[in-house]
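Here's the structure we're looking at; comments come further down.
The values are calculated or read from the model by the stated rules, or taken from the named source; none is laboratory data. Everything numeric in this text was worked out from a predicted model, so none of it was measured. Every residue, glycine among them, receives a Cβ derived from its backbone with ideal geometry; neighbour counts consider all protein chains shown.
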C-alpha cells in the first residue's frame, strides 16, 4: 500500500492530463480537441504562481497508469512503468502529437499567467511568493525522491566506514545509540590497516555494483522518456 500511495502522489504531482477517455474502451481519446482545456490553475487569482504543466510523456503515463495496473494485478510498478515506456516508444507520431500539442497549449497559457501575475505583484507580495517557491522546491524534492524510489533507482555505493558501521552497530553492547556510535568510532580508529582493507575492498565492490546498475537504470529511463531523471554529465 505504501508503494501504491507513492505512485499516486507522483501521479498527482504530474498534473491533470486533460484527456477524455472513451466510455467504451477507456484507453482512446475521443478526439484531438478533447485534450485542450482551460487548466484548473488558470484563474484571475494572484496569490500564487500557477502549476507547471505536465510534459507529453507525463500526460500519457497518467492516462495509462491506472488502466495498465487494473489489467495487470499483482505486477510490480517497475514492470508496469517499463511496459508503459515501451508503449510510448511504439506510439505513432500522430498520437504522440496529441499529448505534445496539449503540453504546448498549456505551457503557453502557463507563461501568460505567470507574466500576468508578475505584473500585478508588489515588492512584499514578491517576497512572499519567493518564500513559497522555496517551500514548493523542497516539497518537489521530496516528491522526486519518492518517484525515484518507485522507479527502482539503484542505491548509492556505501563507504568503507558505512559498511563497517552496518556490521558493528547491531552487535554493540552499548545501551544508547550515541554510545554505540562513539564505540564504533573508537573501534574503527584502532583497526589495523589490514582490517580496514577488508571494508575498503567491499566499498570498491559496491562502487562497481552501483556504476553497472545506475548505467542500466539511466538507459532505461532515457528509453521511457524520463531523461530528466538521469545525472547531469560533467565535463
Kindly indicate whether any position in the stretch 174-192 is over 26 Å from residue 226 (Cα atoms) and under 29 Å from the mean Cα position of the chain (by Cα).
no
Do you know which of the residues in the stretch 117-143 that are touching a residue at least 24 places away in the same chain (Cβ under 8 Å) and either outside the structural domain of residue 80 (by TED's automatic domain parsing) or part of a helix (DSSP H, G or I) (or both) is nearest to residue 220 (Cα to Cα)?
143
Would you confirm whether any residue within the stretch 176-183 is in a loop (DSSP other than H, G, I, E, B), exposed (fewer than 13 other Cβ atoms within 10 Å of the Cβ) and free of Cβ contacts under 8 Å to residues at least 12 places away in the same chain?
yes
Unique match (being within 24 Å of residue 219 (Cβ to Cβ) and either outside the structural domain of residue 230 (by TED's automatic domain parsing) or modelled with pLDDT of 90 or more (or both)) among 86, 112, 95, 106:
86
Do we have residue 196 as out of contact with any helix residue (DSSP H, G or I) (no Cβ under 7 Å at 6 or more places or on another chain) and assigned to a helix (DSSP H, G or I) here?
no
Here the residues within the stretch 87-101 that are surrounded by 12 or more Cβ atoms within 10 Å (Cβ to Cβ) and out of contact with any strand residue (DSSP E or B) (no Cβ under 8 Å at 6 or more places or on another chain) are 87, 88, 91, 95, 96, 97, 99, 100, 101
Quick one: which of 80, 98, 67 is touching a helix residue (DSSP H, G or I) at 6+ places or on another chain (Cβ under 6 Å) and farther than 19 Å from residue 148 by Cβ?
98
Test: residue in the stretch 144-160 that is without any contact (Cβ under 8 Å) to a residue 60 or more places away in the chain, more than 26 Å from the chain's Cα centre (by Cα) and surrounded by 12 or more Cβ atoms within 10 Å (Cβ to Cβ)
yes
Please verify whether residue 214 is out of contact with any helix residue (DSSP H, G or I) (no Cβ under 9 Å at 6 or more places or on another chain), part of a helix (DSSP H, G or I), surrounded by 13 or more Cβ atoms within 10 Å (Cβ to Cβ) and outside the structural domain of residue 84 (by TED's automatic domain parsing), treating the condition exactly as stated.
yes
Do we find a residue being under 24 Å from residue 139 (Cβ atoms) and at pLDDT below 50 anywhere in the stretch 19-39?
yes
